[in-house]
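Colleague: Here it is, the structure in full.
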Amino acid sequence: MPMLKDPSKKYKRFKPLHLPDRQWPNKTIDKPPRWLATDLRDGNQSLADPMDGDQKWKYFQMLVKLGYKEIEVSFPSASQTDFDFTRRLIETPGAVPDDVWLQVLSPCREDLIRRTVDSLKGAKKAILHLYLATSDCFRRIVFGMTKEQTIERAVKCTEYARSITKDDPSTAGTEWQFEFSPETFSDTDPDYVIQVCEAVKKAWGPTEEHPMIFNLPATVEMTTPNVYADQVEYFCRNMSDRKTFAVSLHPHNDRGCAVAAAELAQMAGADRVEGTLFGNGERTGNVDLVTLALNLYTQGIHPGIDFSDLNSVIKVVEESNKIPVNERWPYGGQLVVCAFSGSHQDAIKKGFMAREAAGLGPEDPWEIPYLPLDPQDIGRTYEAVIRVNSQSGKGGASWVILKTLELDLPRGLQIEFSKIVQRETERLNRELRQSEIVALFENAYHLKSNPRCTLVDYNITTERPAGDTATSPPTSNGDLTRVEPGHVPSTQHLKRRFTGIIEIDGIQHAITGVGNGAISSLAHALSTLGIDLDVQDYKEHSVGKGRDVRAATYIQCSAAGSSDLVWGVGIHQDVVQASLAALLSAASSFLTSRAGSPVPFRPVRSNTFTDEDLERLQQLTNGDVVANSVKKQREQIEKLEEEVRKL
């Protein structure tokens with residue numbers, strides 16, 4: 001088949017309505033519409049594999065639970081399944097709450113209307129919905145009818161429907177509403193639509209106390225949403241006795257603008273919206289009731305429908321329709337509250353941290369970058385907000401660590417860890433699960449796996465310069481400030497001595513060192529083994545609350561004489577021991593990263609613990625397990641090094 005050079009030539013431009021004094025652009029939506037869920041009729045008829053009775057039953061119960069009060073349940077004249085389902089709802093005690101209206105659809109044919117009304121016998125509240133196409137295209141091509149013949153049929157069928165419903169004494173137990181749809185409304189001359197609807201209204205005889213419904217379908221979306229809004233406003237302004245009928249909308253999504261069309265048409269005067277959950281329907285579908293409802297949430301308006309557990313709704317919809325909800329579908333998609341981009345992740349993380357710092361709770365005003373709606377309001381967890389792939393930056397991985405391990409990583413550590421994460425995502429060629437990110441962090445900074453450097457035991461004491469005769473008892477396990485009562489030391493002269501045992505690659509080394517504090521004294525002690533680290537940055541914060549609170553410390557180090565930087569992380573109930581663990585974590589990373597790794601570590605010199613150190617330790621600890629262990633380990637080290645020399 002030959003291709004046209006310019007396919008656009010065969011389409012005619014849609015002629016918009018001339019409405020220079022339109023009022024709807026100056027209005028806003030300030031309340032929810034009446035909702036009509038047509039999943040069980042319009043949605044169901046468009047499925048390749050329509051729902052059976054049990055599936056429709058489960059779906060109906062879900063719609064009731066969500067809060068829908070008007071539900072189009074079937075097309076009874078189209079199939080026995082639909083007829084039987086309608087009867088099952090009516091005949092099952094308690095199946096239909098007293099405040100829920102059952103709506104059914106019928107074309108404008110008397111025999112089909114009779115069948116439809118029969119399906120509703122005994123219902124408490126029933127809406128009989130008739131439709132007749134009114135556009136020139138349908139009248140000419142589908143029905144071969146004139147304008148006058150169309151009006152005549154609409155009136156005749158309305159009068160017949162009235163005679164077997166509200167005018168029939170045998171149906172007095174049912175509260176009836178009548179709905180009429182000029183099908184293809186959006187492609188029909190607006191003045192002709194009004195002619196048809198005025199005639200139908202006269203035939204039904206609605207009142208302000210018992211109004212009818214005019215449904216204005218965009219059966220096929222023909223043009224931009226503003227034109228549909230003009231058409232609805234024109235209808236509302238030019239129909240007589242406006243208070244005797246409600247204006248309903250039924251926008252289809254052929255141009256992808258059904259939600260916008262429904263919102264603008266509400267501004268134009270419509271009272272009611274017909275649609276389906278997630279927009280299932282013929283061709284590109286109906287308007288999505290979930291999107292419309294949750295759009296109201298973000299404007300501070302409760303839609304009157306409960307989507308607080310949206311995942312359970314999605315499950316029923318997908319099982320019934322056998323159509324998955326697209327991952328990017330508004331609100332319902334699995335990815336719509338997720339961020340992969342590094343800049344997005346960083347902004348979201350800062351938003352949550354600012355919210356936490358301000359002490360804001362779930363009921364307080366919501367303001368988070370990139371998230372117009374609180375994920376928890378639709379049953380989503382914050383853990384799913386940030387997901388990490390090769391495009392993610394430092395914010396994504398650090399957010400995962402913050403939410404899972406409660407570790408608020410310094411910016412420099414965020415940058416370093418993000419490179420580790422990116423290498424892994426590129427290696428696997430996929431995004432990483434949260435558990436994988438946590439495992440990467442714990443392995444990289446030796447929080448669970450055995451690091452190359454571990455602290456076996458230690459003692460920290462106060463050192464004084466020569467000439468300072470003040471005495472102070474020894475300090476241990478991180479108590480760095482305990483001094484003789486009544487003595488106020490000059491802090492600028494105080495030194496700390498670290499005395500302890502470090503295990504490196506399975507071999508224990510007795511070391512000692514003096515510095516300005518616990519960290520620097522350990523750093524000096526490590527330098528006696530040839531591990532020369534200079535501390536460049538230090539951060540700490542608490543983890544948890546109450547009696548179980550722990551300290552998290554982060555230390556950035558450089559190798560002496562080198563620009564290479566490594567980070568260490570330590571977590572412990574005691575802040576000093578957490579700091580020492582962080583330094584040893586950095587030392588482990590330094591040993592692993594340096595040339596020749598993972599060759600087993602050998603100290604640059606042996607027996608770094610002098611007899612004087614050992615004697616001092618024994619005096620300070622009264623010969624406790626630390627001193628005894630040091631003596632024993634020194635003997636082991638000497639023996640091992642002698643064996644190495646022989647080799």
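The values are calculated or read from the model by the stated rules, or taken from the named source; none is laboratory data. This is a predicted model, so every value here is computed, not measured. Glycine gets a Cβ as well: all are built from the backbone with ideal geometry, and neighbour counts include every protein chain shown.
Colleague: Going by the structure shown, is residue 178 within 30 Å of residue 12 (Cβ to Cβ) and of a type outside the set (S, T, N, Q)?
Modeller: On the way: within 30 Å of residue 12 (Cβ to Cβ): no; of a type outside the set (S, T, N, Q): yes.
No; evaluated as a whole, the condition is false for this residue.
Colleague: Right, another one. Among the residues in region 233-245, are any small (Gly, Ala, Ser), in contact with a helix residue (DSSP H, G or I) (Cβ under 7 Å, 6 or more places away or on another chain) and either surrounded by 19 or more Cβ atoms within 10 Å (Cβ to Cβ) or closer than 30 Å to residue 119 by Cβ (or both)? Spell out the reasoning first.
Modeller: Residues of region 233-245 that are small (Gly, Ala, Ser), as a first pass: 240.
If we keep only those that are in contact with a helix residue (DSSP H, G or I) (Cβ under 7 Å, 6 or more places away or on another chain) too, we end up with 240.
Still in the running and either surrounded by 19 or more Cβ atoms within 10 Å (Cβ to Cβ) or closer than 30 Å to residue 119 by Cβ (or both): none.
Looking through region 233-245, none of the residues is small (Gly, Ala, Ser), in contact with a helix residue (DSSP H, G or I) (Cβ under 7 Å, 6 or more places away or on another chain) and either surrounded by 19 or more Cβ atoms within 10 Å (Cβ to Cβ) or closer than 30 Å to residue 119 by Cβ (or both).
Colleague: Output the number of residues of region 69-88 satisfying the condition of being aliphatic (A, V, I, L, M), assigned to a strand (DSSP E or B) and either outside the structural domain of residue 289 (by TED's automatic domain parsing) or under 16 Å from residue 117 (Cβ atoms) (or both). Lay out the reasoning, then the answer.
Modeller: Filtering region 69-88 down to residues aliphatic (A, V, I, L, M) leaves 71, 73, 78.
The next check asks that each one be assigned to a strand (DSSP E or B); those that pass are 71, 73.
Retained after the next criterion (residues that are either outside the structural domain of residue 289 (by TED's automatic domain parsing) or under 16 Å from residue 117 (Cβ atoms) (or both)): 73.
Qualifying residue count for the region: 1.
Colleague: Does region 159-176 hold any residues that are buried (at least 18 other Cβ atoms within 10 Å of the Cβ), out of contact with any His (no Cβ under 9 Å at 6 or more places or on another chain) and of a type outside the set (Ser, Thr, Tyr), and which are they?
Modeller: Result: 161, single match.
Colleague: Looking only at residues that are assigned to a loop (DSSP other than H, G, I, E, B) and over 46 Å from the mean Cα position of the chain (by Cα) in region 120-158, which one is surrounded by the fewest Cβ atoms within 10 Å (Cβ to Cβ)?
Modeller: 144
Colleague: Filter region 523-546 down to residues that are farther than 17 Å from residue 513 by Cβ and out of contact with any Cys (no Cβ under 7 Å at 6 or more places or on another chain), then give me how many there are.
Modeller: 10
Colleague: If I ask for residues that are within 19 Å of residue 288 (Cα to Cα), under 29 Å from the mean Cα position of the chain (by Cα) and part of a helix (DSSP H, G or I), which ones from region 38-55 would you list?
Modeller: Listed by number, the residues that qualify are 39, 40, 43, 44.
Colleague: Going by the structure shown, is residue 107 touching a strand residue (DSSP E or B) at 6+ places or on another chain (Cβ under 9 Å), within 30 Å of residue 222 (Cβ to Cβ) and not small (Gly, Ala, Ser)?
Modeller: On the way: touching a strand residue (DSSP E or B) at 6+ places or on another chain (Cβ under 9 Å): yes; within 30 Å of residue 222 (Cβ to Cβ): yes; not small (Gly, Ala, Ser): yes.
So residue 107 passes the test.
Colleague: Enumerate the strands (runs of 3 or more DSSP E) found wholly within region 450-556, keeping only those where 1 or more residues are modelled with pLDDT of 90 or more and either surrounded by fewer than 16 Cβ atoms within 10 Å (Cβ to Cβ) or of a type in the set (Asp, Glu) (or both).
Modeller: 507-515, 533-543
Colleague: Select from region 218-271 the residues that are part of a loop (DSSP other than H, G, I, E, B) and more than 17 Å from residue 283 (Cβ to Cβ) and list them in ascending order.
Modeller: Here is the first cut: in region 218-271, the ones part of a loop (DSSP other than H, G, I, E, B) are 219-224, 239-241, 253-257, 268-271.
Selection gives 224, 239, 240, 241, 268, 269, 270, 271.
Colleague: Okay, next question. Of all residues being among the aromatic types (Phe, Trp, Tyr) and assigned to a helix (DSSP H, G or I) in region 159-187, which is nearest to residue 216 (Cα to Cα)? Just the residue, please. Walk me through it before giving the result.
Modeller: The first filter runs over region 159-187 and keeps only residues among the aromatic types (Phe, Trp, Tyr), leaving 160, 176, 178, 180, 185.
Filter once more, so that each one left must be assigned to a helix (DSSP H, G or I): 160, 185.
Values: 160: 22, 185: 6 Å.
Per the criteria, the residue is 185.
Colleague: Within the set of pairs 6 or more residues apart or between chains, which connect a residue that is surrounded by 18 or more Cβ atoms within 10 Å (Cβ to Cβ) inside region 410-428 to a residue that is polar (S, T, N, Q) and at pLDDT 90 or above with Cβ atoms less than 9 Å apart?
Modeller: From region 410-428, the pairs are 410/556; 413/556; 416/556.
Colleague: Only one of (1) assigned to a loop (DSSP other than H, G, I, E, B); (2) in contact with a Leu (Cβ under 9 Å, 6 or more places away or on another chain); (3) more than 22 Å from residue 324 (Cα to Cα) fails for residue 104. Which number is that?
Modeller: Against the list (1) assigned to a loop (DSSP other than H, G, I, E, B); (2) in contact with a Leu (Cβ under 9 Å, 6 or more places away or on another chain); (3) more than 22 Å from residue 324 (Cα to Cα), residue 104 comes up short only on (1).
Residues are listed down the side, and each one gets a yes or a no for (1) of a type in the set (Phe, Trp, Tyr); (2) under 30 Å from residue 422 (Cβ atoms); (3) part of a loop (DSSP other than H, G, I, E, B):
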{"site": "293", "(1), (2), (3)": "no, no, no"}
{"site": "301", "(1), (2), (3)": "no, no, yes"}
{"site": "304", "(1), (2), (3)": "no, no, yes"}
{"site": "311", "(1), (2), (3)": "no, no, no"}
{"site": "319", "(1), (2), (3)": "no, no, no"}
{"site": "356", "(1), (2), (3)": "no, yes, no"}
{"site": "359", "(1), (2), (3)": "no, no, yes"}
{"site": "362", "(1), (2), (3)": "no, no, yes"}
{"site": "366", "(1), (2), (3)": "yes, no, yes"}
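Colleague: Is there any pair linking a residue in region 112-134 that is touching a residue at least 24 places away in the same chain (Cβ under 8 Å) to one that is surrounded by fewer than 18 Cβ atoms within 10 Å (Cβ to Cβ) and among the β-branched types (Val, Ile, Thr), with Cβ under 6 Å and at least six apart or on different chains, and which?
Modeller: Short answer, once both residue conditions are applied: 117/164.
Colleague: With respect to residue 64, determine if the residue is closer than 26 Å to residue 314 by Cβ and surrounded by fewer than 19 Cβ atoms within 10 Å (Cβ to Cβ).
Modeller: Values: closer than 26 Å to residue 314 by Cβ: yes; surrounded by fewer than 19 Cβ atoms within 10 Å (Cβ to Cβ): yes.
Yes; evaluated as a whole, the condition is true for this residue.
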